[in-house]
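Remarks on the structure that follows.
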Amino acid sequence: MRQLLSDVSVLELAGGVTAGYCGKVFAGLGADVVKVEPPGGDPLRTRPGAFAHLGLNKRSLVVDPGREEGRARVRRLTRGVDLVVTAEGEGTLEDWGLDWDDLHRSDPGLVVVHISGFGRRGPYAGYAWTDLVAQTFAGTLVNAGPTHAPVKLPADAQLCAVGHTAALGALGAILRARACGEGALVECAAYEAIGGAPHGALKHLGFEYRGRTMPPRAASVAAGTGTLLPLGIFPCADGYVSMMTIPPQVPRLLDVIDDEALRAAFDRPDAYVHPETKEVLDAAMYPWLLSRTRAEVMAAAQAAGWPVTSVNRPEEVLEADHLHQRGFWCAVQDPVVGPVLVPGPLSRHSEGGWQLQRAAPTLGADDPAGEPPPVRRRPRGGCVARGEAGGTDHPPLRGVRVLDLTTVWSGPFVTLLLADLGAEVIRLESPWVFPPSAKGFEPRPRTKMILGGIMDTYGPPVEGHPDRPYNRHAMNNSVARGKLSCSLDPRTPRARELFLRLVEKSDVVIENLKLPTIHQMGIFESELMHRNPGLLMVRLPPAGLAGDWAGCTGFGAQFDALSGLSALVGPYGSEIAETPSTFHMDTVTGPAGAFAVLAALHYRAVSGRGQLVEVSQTENLLHQLGDVFVDSQLGIPAERLGNRDRRYAPQGLYPCPDQRWVALSVRDDREWAELARLVGGPPLAADGRFATAASRHAHHDELDRLIAAWTSERDCYDVFHTLQSAGVPAAPWLDESMLVDDPHVKARGWLRPLASRDVGTHDHLGPVFHGYPLAWDRGAPVLGEHNEYVFKEILGLGDDEYRQLVADRVAVEDYLDPGGNPL
């Protein structure tokens, strides 16, 4: 059966996690992915669980890059394929004796994606990197509290996210090449892929809105004790639960706990600033929690719409009924590890979607008699935009129209990436429903109340414009750049018909609303696709459209907990009670959702048919922990490693003067010799206790003390450059003030100005990949800014009809109270 990417061919020339994950997402949707390995194989094969996961649906052949006949063979293999995957330190074009300019001249339609820590250009190009180093330079390490260093996300989660981002950039380049014949060298720098996601973009834009001043250093909320309303991890009778509460959800919290003293405390007009409110809340909530199991707490809270979920460990996730009900886990007979369950669909398409074709290959399994395997050659022609030919100066989605019904972070990040790729993204926003999670909790904030770091991110008003604070909030504006806004609430008959007419003229409708909100609004997939058979209806439920967890509500942190991620996040050896809050699910939904859309658009260009696309955000996250779940079945338990690593030692985050930090990783004995020479001279280099990786692991605590004593007397940039000059992966932890002044960031032009009508012009973080034309022409729209364009130019309404929409409060630029008055 034809799959979405059956006519796409990929040559994977790099080993490791990022390139492996990039190839994996192509292979799952039918692309022919051939993994080219040196005689010793991909080093990832030393981690059988990880290779069993990342090698699915691929083929393997062995080529020696040190021999001329091997390099010539690889050159032949590149001819006519769509994509070549490379990665700094894991397998580059140069490692295989190839040159981009030569490849491009001989095959103009070829796409090469290059994954690196710092990018191919700029002062730090070619610097060594690891997962920890990239997360540190991106400034996205997780605040673990005042007594701990910040920590990275666990396992390979962030590396997989980088790989998925690279895959998205590569697929966009392939679609462009199919349309105009011009390939590209796509550059995915890990620090940009990580830092440009919603949380990093919010932090940076808030910094710009504050006139480039840093906020006060926030207190930890790792255990949920740093805010009035519950946020974080809390104990219950048999473990822990994750919760996040914003002011509109307080009535639901009160209904669940059902305590009269607590109700009275929140009835006070000064409840959010009264010093006793938190004492009353804690006195009521903790006994309630400790007398109930995780399942009981989650069931009661979810029934009331209060975002609370269980904190699951990976082995519990493997057993969760919900995932088995959905058929998520797939049984594989792996040739190395034997029978094992692996993560199944990354996304679910009603036609041409994910399939399990084969287990991960043994080394050279598809290289019979030394002959190269047949590699599918790319067809010519095809354009995903109906009625508009692609041009070499156009982004790949120019001419594609997306109706955006998403909210908060995960869905808007998907549509931001589609906008970057050139799609016309129209946010359809109901003026009758204020979105408290994204635009400041209330239309006109009266007090910081809670979550001061988020509430403190309003931009300055522009003189001469009506002051609508919700148009100035960095949480919304950081993920709304490049989009249009139309005020339209399809719950009324007249607006519903306008919405359906707009659907007829669009390519994609996308939503991530809580189930079953979209149906309660009167929007049904079957009706939309009847009106427009070529439509892609894209749904982004947190846990899927069916199964026990399908109706669960929450933010990214709650689903990080449900999926097993939170149990692994935190300082080395710490307890779950010390877990810091993360929002990784929101971050990684962006590349996954956008990739699923591009694949379906590519399929539509051939078939002419639209379809339903479901991206379960939790299942996407589970793929990024795939090695953890396979290892668990192999008897390798998941551990909370903090900033340490099972392979590299030492690795960690170390203090520098002025409350700065620097990360470093030692991957082999050569790097250890260089670090030892710098830190302790010949005596340390000769110390037998640290001679091997195993012995360095055994004495990691002592090494941490020695390294910290050395770094604490040196500027973080001096340590960074000294170590990199010696070939040791390292990076300073960049906060917002350091990022804007960093010479590498400046040289790459990653900070770019954009104007938004109610807040003026400010620098934003740039795209998460580079290499071909992308859209960069507008900041976040204000509510209803493009009403005239949508209603008059797209739908063809006349002036009188449009004036009536304004009079009837359909086309407005304010959020409205029930009487139709501006809030």
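Which count do you get for residues in segment 461-490 that are among the charged types (D, E, K, R) and either surrounded by fewer than 23 Cβ atoms within 10 Å (Cβ to Cβ) or without any contact (Cβ under 8 Å) to a residue 12 or more places away in the chain (or both)? Break it down stepwise before answering.
Within segment 461-490, the first condition is being among the charged types (D, E, K, R), and the residues that meet it are 463, 467-468, 472, 481, 483, 489.
Narrowing further to those that are either surrounded by fewer than 23 Cβ atoms within 10 Å (Cβ to Cβ) or without any contact (Cβ under 8 Å) to a residue 12 or more places away in the chain (or both): 463, 467-468, 489.
Final tally of qualifying residues: 4.
If the Cβ limit is 6 Å and pairs must be 6+ apart or interchain, which residue in segment 3-27 that is basic (Lys, Arg) pairs with which residue that is outside any strand (DSSP E or B)? Listed pairs, sorted by first residue: 24/54.
Mind counting the residues in segment 345-376 that are modelled with pLDDT under 90 and closer than 14 Å to residue 30 by Cα?
Here is the first cut: in segment 345-376, the ones modelled with pLDDT under 90 are 366-376.
Narrowing the set further to residues that are closer than 14 Å to residue 30 by Cα leaves 375-376.
Number of matching residues: 2.
For first residues located in segment 36-53 and closer than 18 Å to residue 93 by Cα and touching a residue at least 40 places away in the same chain (Cβ under 8 Å), partners that are of a type in the set (Asp, Glu) and buried (at least 24 other Cβ atoms within 10 Å of the Cβ) and lie 6+ apart or on another chain with Cβ distances below 8 Å form the pairs 36/12. Inspection of segment 595-608 finds no residue satisfying the criterion of being open to solvent by less than 10 Å² (accessible area, probe 1.4 Å) and among the polar types (S, T, N, Q). Checked against (1) more than 30 Å from residue 620 (Cβ to Cβ); (2) open to solvent by 10 Å² or more (accessible area, probe 1.4 Å), residue 103 passes all but condition (2). Selection of segment 675-716 for residues being closer than 30 Å to residue 741 by Cα and open to solvent by less than 50 Å² (accessible area, probe 1.4 Å) yields 675, 678, 679, 704, 707, 708, 710, 711, 716.
Name every residue in segment 805-823 that is β-branched (Val, Ile, Thr) and not in a loop (DSSP other than H, G, I, E, B), in order of residue number. Passing the criteria: only 806. I'd like to check something: does segment 168-180 contain any residue that is aliphatic (A, V, I, L, M), open to solvent by less than 10 Å² (accessible area, probe 1.4 Å) and closer than 23 Å to residue 751 by Cβ? The answer is yes; a qualifying residue exists.
Report yes if residue 823 is open to solvent by less than 70 Å² (accessible area, probe 1.4 Å), at pLDDT below 95 and under 21 Å from residue 407 (Cβ atoms), otherwise no. Full working, then the answer.
Working: open to solvent by less than 70 Å² (accessible area, probe 1.4 Å): yes; at pLDDT below 95: yes; under 21 Å from residue 407 (Cβ atoms): yes.
So residue 823 passes the test.
Total residues in segment 519-540 satisfying the condition of being of a type in the set (Ser, Thr, Tyr) and either in a strand (DSSP E or B) or closer than 16 Å to residue 553 by Cβ (or both): the figure is 0. Scanning segment 681-711 for residues that are in contact (Cβ under 8 Å) with a residue 24 or more places away in the chain and among the charged types (D, E, K, R) gives 696, 704. With respect to the conditions (1) among the aliphatic types (A, V, I, L, M); (2) farther than 27 Å from residue 717 by Cα; (3) crowded, with 24+ Cβ neighbours inside 10 Å, residue 663 falls short on a single one, namely (2). Scanning segment 256-279 for residues that are surrounded by 15 or more Cβ atoms within 10 Å (Cβ to Cβ) and in contact (Cβ under 8 Å) with a residue 60 or more places away in the chain gives a single hit, 272.
Considering only residues of segment 54-77 that are more than 30 Å from residue 345 (Cβ to Cβ), touching a residue at least 60 places away in the same chain (Cβ under 8 Å) and part of a helix (DSSP H, G or I), which is least open to solvent (accessible area, probe 1.4 Å)?
Of segment 54-77, the ones more than 30 Å from residue 345 (Cβ to Cβ) are 62-76.
Now drop any that are not touching a residue at least 60 places away in the same chain (Cβ under 8 Å), which leaves 62, 73-74, 76.
Pick out the ones that are also part of a helix (DSSP H, G or I) and you get 73-74, 76.
Details: 73: 26, 74: 0, 76: 116 Å².
Residue satisfying both the conditions and the ranking: 74.
Screening residue 143 against (1) touching a Gly at 6+ places or on another chain (Cβ under 6 Å); (2) at pLDDT below 95 leaves a single unmet condition, (1).
Taken across segment 210-227, residues that are modelled with pLDDT of 90 or more and either in a helix (DSSP H, G or I) or open to solvent by less than 20 Å² (accessible area, probe 1.4 Å) (or both) do not occur at all.
Any idea which residue in segment 491-518 is most open to solvent (accessible area, probe 1.4 Å), counting only those that are assigned to a loop (DSSP other than H, G, I, E, B) and closer than 23 Å to residue 553 by Cα? Steps first, please.
Residues of segment 491-518 that are assigned to a loop (DSSP other than H, G, I, E, B), as a first pass: 491-492, 505-507, 512-516.
Then keep just the ones that are closer than 23 Å to residue 553 by Cα; that gives 491, 512-516.
Details: 491: 131, 512: 18, 513: 34, 514: 88, 515: 36, 516: 67 Å².
For segment 491-518, the residue satisfying everything is 491.
Cβ separations smaller than 8 Å between residues 6+ apart or across chains give the following pairs from segment 318-339 residues that are free of Cβ contacts under 8 Å to residues at least 24 places away in the same chain to residues that are of a type in the set (A, V, I, L, M, F, W, C) and surrounded by fewer than 13 Cβ atoms within 10 Å (Cβ to Cβ): 339/331. Just one of (1) modelled with pLDDT of 95 or more; (2) open to solvent by less than 10 Å² (accessible area, probe 1.4 Å); (3) in a loop (DSSP other than H, G, I, E, B) fails for residue 572. It is (2).
What are the residues in segment 135-180 that are aliphatic (A, V, I, L, M), closer than 17 Å to residue 590 by Cβ and part of a helix (DSSP H, G or I), if any? Working first, answer last.
Here is the first cut: in segment 135-180, the residues aliphatic (A, V, I, L, M) are 138, 141-142, 144, 149, 151, 153, 155, 157, 159, 161-162, 166-168, 170-171, 173-175, 177, 179.
Those left that are additionally closer than 17 Å to residue 590 by Cβ: 138, 153, 157, 159, 161-162, 166-168, 170-171.
Across segment 135-180, the qualifying residues are 138, 157, 159, 161, 162, 166, 167, 168, 170, 171.
Exactly one residue among 810, 768 is in contact (Cβ under 8 Å) with a residue 40 or more places away in the chain and over 22 Å from the mean Cα position of the chain (by Cα), and that residue is 810. Considering segment 761-782, and only residues there that are of a type in the set (Gly, Ala, Ser) and in contact with a strand residue (DSSP E or B) (Cβ under 6 Å, 6 or more places away or on another chain), the residue that is nearest to residue 191 (Cα to Cα) turns out to be 766.
In segment 289-303 there is at least one residue matching the filter, namely being open to solvent by less than 60 Å² (accessible area, probe 1.4 Å) and either among the acidic types (Asp, Glu) or over 23 Å from residue 544 (Cα atoms) (or both).
The values are calculated or read from the model by the stated rules, or taken from the named source; none is laboratory data. Source: prediction; values computed, not measured. For neighbour counting, all protein chains shown are included, and Cβ atoms are generated from backbone atoms with ideal geometry for every residue, glycine included. The accessibility values were calculated without ligands, DNA or RNA, using every heavy atom of the protein model including side chains. Shrake-Rupley method; radii C 1.70, N 1.55, O 1.52, S 1.80 Å.
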